[in-house]
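In what follows, a single structure is set out as structure tokens and then discussed.
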């Protein structure tokens, strides 16, 4: 389904008070949320009021339809948007404990050719998550 078709479908559903909501991660290759993950929450619709999350989880902006969530304790957490109108379904989000203390990124660039030996320039960034403010962090 193309992006245009999805937009038309969402627009049509909004006329009936229906909405779509989802959660995702900044890292598309990770399918497991952990205590160190930033989880994106998104609600598409006009009836949104705020997010309902457990007290052990932190929402960056509870009254925004697009926000970020972090849960400091592992387990299954019930999440749902509070809306005016028909109740939205509650979803159980599994958050695993994480032993990862660092995030790292690298970039490889072609180096220069010296004495018939080609070199590569590798740049590394290492972020210690415990010391870094998660609200300010944005992946490269």
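Given the structure, is residue 89 surrounded by fewer than 11 Cβ atoms within 10 Å (Cβ to Cβ), closer than 25 Å to residue 43 by Cβ and modelled with pLDDT of 85 or more?
Working: surrounded by fewer than 11 Cβ atoms within 10 Å (Cβ to Cβ): yes; closer than 25 Å to residue 43 by Cβ: yes; modelled with pLDDT of 85 or more: yes.
So residue 89 passes the test.
Can you tell me which of 133, 63, 37 is outside any strand (DSSP E or B) and either more than 20 Å from residue 25 (Cβ to Cβ) or modelled with pLDDT of 90 or more (or both)? Reasoning before the result, please.
Details: 133 fails: either more than 20 Å from residue 25 (Cβ to Cβ) or modelled with pLDDT of 90 or more (or both); 37 fails: either more than 20 Å from residue 25 (Cβ to Cβ) or modelled with pLDDT of 90 or more (or both).
So the residue among 133, 63, 37 that is outside any strand (DSSP E or B) and either more than 20 Å from residue 25 (Cβ to Cβ) or modelled with pLDDT of 90 or more (or both) is 63.
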Examine region 66-85 for a residue that is modelled with pLDDT under 85 and either assigned to a loop (DSSP other than H, G, I, E, B) or in contact with a strand residue (DSSP E or B) (Cβ under 6 Å, 6 or more places away or on another chain) (or both), and state whether such a residue exists.
yes
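The values are calculated or read from the model by the stated rules, or taken from the named source; none is laboratory data. Since this is a predicted model, take the numbers as computed values, not measurements. Note: ideal-geometry Cβ built from the backbone for every residue, glycine included; neighbour counts use all protein chains shown.
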